[in-house]
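Some notes on the structure that comes next.
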Amino acid sequence: QVQLVESGGGLVQAGGSLRLSCAASGLTFSSYPMGWFRQAPGKEREFVAAIGRSGGNIDYADPVKGRFTISRDNAKNTVYLQMNSLKPEDTAVYSCAAGVVWGSTQRRSPAMYPYWGQGTQVTVSS
């Protein structure tokens with residue numbers, strides 16, 4: 001079975017940093033583009049970042065551009081999200097997802113990601 005397990009979430013003050021990890025198993029990790037999404041209570045899930053199978057084709061949502069960095073280590077079957085200069089509005093449950101091979105117009109769509117982790121809570125205090 002495919003399993004994605006996020007870790008690294010927690011409570012941090014505004015301006016601080018966190019590094020999220022997502023460990024994948026049950027799939028050929030290097031065959032999948034990976035994405036990070038987040039969802040705050042009462043709000044729709046929103047795209048955060050995506051990365052191609054070999055670490056290229058990186059895309060960021062505008063609110064996190066310049067602050068967050070997505071990366072992957074295919075040898076470790078892990079995708080990361082380095083989050084710097086965190087803001088209270090970054091507070092959400094962050095989920096990683098394994099996607100299909102997509103084009104540039106599809107990378108931000110949750111429908112393109114058949115496998116999802118349970119999510120990890122990130123809380124940024126002001």
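Remarks
- Entry comment: accessible area of the chain is 50 Å² per residue, from protein heavy atoms only and a probe of 1.4 Å.
- Here the gap between Thr123 and Asn84, fully extended at 0.36 nm per residue and compared with their Cα-Cα distance, gives a gain of 12.7 nm.
- Between the range 25-73 and the range 93-126, the alpha-carbon center distance in angstrom: 6
- Among Ala49, Ala23, Ala98: highest mean-square fluctuation, GNM of the chain, C-alpha pairs under 10 Å: Ala23
- Where trypsin sites (Lys or Arg not before Pro) in DSSP loops with at most 10 other Cβ within 10 Å are excluded, longest remaining stretch of the chain: 66-126
- Accessible surface of the chain, 1.4 Å probe, proportion on carbon and sulfur as whole %: 45
- Fraction of the pair-distance distribution of the chain above 20 Å, Cα-Cα pairs, percent: 36
- Label-to-label distance for Thr69 and Gln3 is 3.0 nm, based on points extended 7 Å past Cα in the beta-carbon direction.
- Note on the chain: GNM, Cα springs under 10 Å; of Thr78, Thr69, Thr105, the largest mean-square fluctuation is that of Thr105.
The values are calculated or read from the model by the stated rules, or taken from the named source; none is laboratory data. Because the structure is a prediction, the values reported are computed rather than measured. Positions of Cβ are generated from backbone atoms using ideal geometry, with glycine treated the same way; all protein chains shown enter the neighbour counts. For accessibility, only protein heavy atoms count, side chains too; no ligands or nucleic acids. Shrake-Rupley method; radii C 1.70, N 1.55, O 1.52, S 1.80 Å.
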